[in-house]
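Student: Dumping the structure here so I can ask a few things about it.
The values are calculated or read from the model by the stated rules, or taken from the named source; none is laboratory data. The structure presented is a predicted model; accordingly, all values stated were derived computationally and were not measured. Note: ideal-geometry Cβ built from the backbone for every residue, glycine included; neighbour counts use all protein chains shown. With ligands, DNA and RNA removed, areas are computed over all heavy atoms of the protein, side chains included. Shrake-Rupley method; radii C 1.70, N 1.55, O 1.52, S 1.80 Å.
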Amino acid sequence: MGRFLCSAVTARMVQFTRRSPRFSTILQDLFAGRQPYSSLKCRLLRNLNGSLYDMGMSLGFSRLVPRKVT
């Protein structure tokens with residue numbers, strides 16, 4: 001397989017799955033056969049911002065970004 005962000009694609013997929021519930025759900029659906037390959041790219045792009053946010057927060061950026069107090 002190829003490389004992504006200086007590591008193997010499979011290693012990055014595992015890391016992203018651990019850090020983003022959204023990405024994890026997409027992969028679970030893909031492996032279970034509920035997510036067709038034909039619409040995978042579109043779904044990944046639709047969830048990109050949320051997945052990146054999840055990953056950023058799991059890396060500790062939550063200390064830098066103040067939470068909204070309701």
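Student: What residues qualify as long-range amide H neighbours of F4, i.e. H under 5 Å apart, gap of 5 or more or another chain, H built at 1.01 Å from N?
Tutor: V9
Student: Turning to a different aspect of this structure: Find, to one decimal place in angstroms, the Kirkwood hydrodynamic radius of segment 1-47, where the mean of 1/r is taken over every pair of different Cα atoms and then inverted.
Tutor: 11.3
Student: A further question on this structure: Where only protein heavy atoms count, and the probe is 1.4 Å, what is the accessible area per residue for segment 3-51 in Å²?
Tutor: With the other protein chains kept in place, segment 3-51 gives 73 Å² per residue.
Student: Scan around Q35 for amide H atoms under 5 Å from its own, H built in the peptide plane at 1.01 Å from N, and keep only partners 5 or more places away or cross-chain.
Tutor: Close amide H contacts, sequence-distant or interchain: L30.
Student: Per residue of segment 34-39, in order, report the coupling 6.51 cos²θ - 1.76 cosθ + 1.60 (Karplus, θ = phi - 60°) as ³J(HN,Hα) in whole Hz, putting x for Gly and Pro.
Tutor: Per-residue couplings from phi come out as 8, 10, x, 4, 4, 10 Hz.
Student: Right, another one. Return the distance in nm (one decimal) between the two label points of a simple spin-label model at D29 and M57, each offset 7 Å from Cα along Cα→Cβ.
Tutor: 1.9
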